[in-house]
1. If a/c stays under 1.5 just call it rounded; otherwise compare a/b with b/c (prolate if a/b is bigger, oblate if not). Do that for the chain, with a ≥ b ≥ c from the square roots of the Cα gyration tensor eigenvalues.
2. Before I look further, what does the chain give for accessible area per residue, probe 1.4 Å, in whole square angstrom?
3. Determine the share of segment 20-128's accessible area contributed by carbon and sulfur atoms, expressed in whole percent, with a 1.4 angstrom probe.
4. With just the Cα atoms defining each centre, how far is segment 65-89 from segment 13-29? Give it in Å.
5. Placing +1 on the Cβ of each Lys and Arg and -1 on the Cβ of each Asp and Glu in the chain, which of Tyr68, Ala107, Gln81 has its Cα farthest towards the positive end of the resulting dipole?
6. Treat every Asp and Glu Cβ in the chain as -1 and every Lys and Arg Cβ as +1, leave all other atoms uncharged, and give the resulting dipole magnitude about the Cα centre to the nearest 20 debye.
7. Taking the mean number of other Cβ atoms within 10 Å as a proxy for protection, how do you rank 8-14, 94-100 from highest to lowest?
8. Relative contact order for segment 25-128: what percent, with Cα pairs under 8 Å and sequence separation of 6 or more?
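The values are calculated or read from the model by the stated rules, or taken from the named source; none is laboratory data. Just so it is clear, the model here is predicted, and its values are computed rather than measured. Neighbour counts run over all protein chains shown; Cβ positions are idealised from the backbone, glycine included. Protein only, heavy atoms only, side chains kept; ligands, DNA and RNA dropped before computing areas. Shrake-Rupley method; radii C 1.70, N 1.55, O 1.52, S 1.80 Å.
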Amino acid sequence: VLNKNVGACIADLAIASCSGLSTSPATPAFPGTVTYQAVVMNSGSATANGPIIVAFNISGHATLTASYPGSLAPGASANVQVSTASVAPGTATLTASVDPDNLLEEAMEGNNSATAAICADLRPQPIC
């Protein structure tokens, strides 16, 4: 007799580590406009039903939200972006959080955020 425990299929959303955050243009002018982008992936075993919300926070500034309107199948990823005024040269921190209000059931909630330092040249530097 073979016994095997089968766990429930569940989604697991995360911001791709190290390469999951970017800016466009890579060196935004100040004052000017910049687009922050996060790569959201589903490493779970079930589809994450959309819309999938991502919150972008620049330290010392307002939190902006954007969404991916579709669903993410297991193993799939999507780009989510938001455009806003660029920040003054200096050092700030960009944090992107997928499902910030924990509305979707996931296998792990602790992997929903990624953070990068935005240095004087305003390009995100991964914190890995």
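1. Details: a/c = 2.88, a/b = 2.37, b/c = 1.22.
Prolate.
2. Values: 6970 Å² over 128 residues.
Heavy-atom SASA per residue in the chain reads 54 Å².
3. Numbers: 2920 of 5460 Å².
About 54 percent, which is the carbon plus sulfur part of the accessible surface.
4. If we compute the Cα centre of each part, the gap is 10 Å.
5. Positive-end residue among those listed: Gln81.
6. 240 debye
7. On the way: 8-14: 17.9, 94-100: 22.4.
For the peptides 8-14, 94-100, the packing ranking is 94-100, 8-14.
8. Over segment 25-128, the number comes to 30 percent.
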